[in-house]
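The values are calculated or read from the model by the stated rules, or taken from the named source; none is laboratory data. Keep in mind that this is a model prediction, so the values were computed, not measured. Reconstructed Cβ throughout: ideal geometry from the backbone, glycine too, with neighbour counts over all protein chains shown. For the accessible areas, the whole protein counts, side chains as well, though only heavy atoms, and no ligand, DNA or RNA atoms are used. Shrake-Rupley method; radii C 1.70, N 1.55, O 1.52, S 1.80 Å.
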Amino acid sequence: MVNFLKRNANWIAVALLVSLGANLFLGGMIAGRILHRGFGGPRMEMMGGAGQVNWIVKRIAEDLPQAQQDVFRDAMNARKDQLVTMGKELRDAREAVKAAIETKPFNRAAYDSAATTMSQRQTAFSAELADAVGDSMELAAGKPAGN
C-alpha cells in the first residue's frame with residue numbers, strides 16, 4: 001500500500017486538487033443562487049403584464065439618486081394600469097399572429113391582419129412607455145411633465 005501511494009502521489013494530488021476546485025465552483029454557484037435568487041431574479045421576457053412594468057420601473061429607479069426614486073416610482077405607478085392594459089393587448093396580438101401561423105391551411109389574409117394589429121399595438125405600447133418614462137423622469141428631476 002505504501003508503494004502504491006509513493007508511486008502515485010502526484011496523480012492523487014492532482015485528483016484532489018481538481019476535486020477541490022469542482023467543489024468550490026459548485027458551492028459558490030449554489031451560494032450565489034441562494035443569495036441572489038437565481039442570478040438577479042427573473043428576466044423581463046419571462047414576466048407578463050404588471051410584472052414587466054414593475055421590472056422596468058425598478059431597473060430605471062435603481063439608477064436614479066435616492067431623492068428622485070420615490071417621485072419616479074409614483075409617477076410611473078400613476079400610468080401603470082394603462083401600460084398593463086396595453087401590454088396585455090400586445091400579448092393578445094402576438095398570440096393571434098402565432099395562431100394565424102399555426103392555422104392549417106395557412107390563411108395569408110388572416111396572418112396579414114394579425115401582423116398589422118400586432119405592429120400597431122407594439123408601436124402604441126412603445127410610445128406610451130417612452131412617454132411615461134420621460135414624464136416620470138422630468139417629474140423626478142423637479143420639472144413639470146411634458147415640457
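Among the conditions (1) open to solvent by 90 Å² or more (accessible area, probe 1.4 Å); (2) within 24 Å of Trp55 (Cβ to Cβ), the only one that Glu102 does not satisfy is (2). Note on region 76-99: among residues that are surrounded by 15 or more Cβ atoms within 10 Å (Cβ to Cβ) and of a type in the set (Gly, Ala, Ser), the one that is farthest from Arg59 (Cα to Cα) is Ala96. Taken over region 55-72, the criterion of being part of a helix (DSSP H, G or I) and free of Cβ contacts under 8 Å to residues at least 24 places away in the same chain is satisfied by Trp55, Val57, Lys58, Arg59, Ala61, Glu62, Gln66, Ala67, Asp70. Kindly evaluate Leu24 against the criterion of being of a type in the set (A, V, I, L, M, F, W, C), in a helix (DSSP H, G or I), at pLDDT below 80 and more than 30 Å from Gly87 (Cα to Cα). Criteria not met by Leu24.
Inside region 112-147, residues that are touching a residue at least 60 places away in the same chain (Cβ under 8 Å) and surrounded by 17 or more Cβ atoms within 10 Å (Cβ to Cβ) make up a count of 7. Here Leu17 meets the list (1) open to solvent by 70 Å² or more (accessible area, probe 1.4 Å); (2) assigned by the TED database to the domain that holds Ala130; (3) modelled with pLDDT of 90 or more almost entirely, failing just condition (2).
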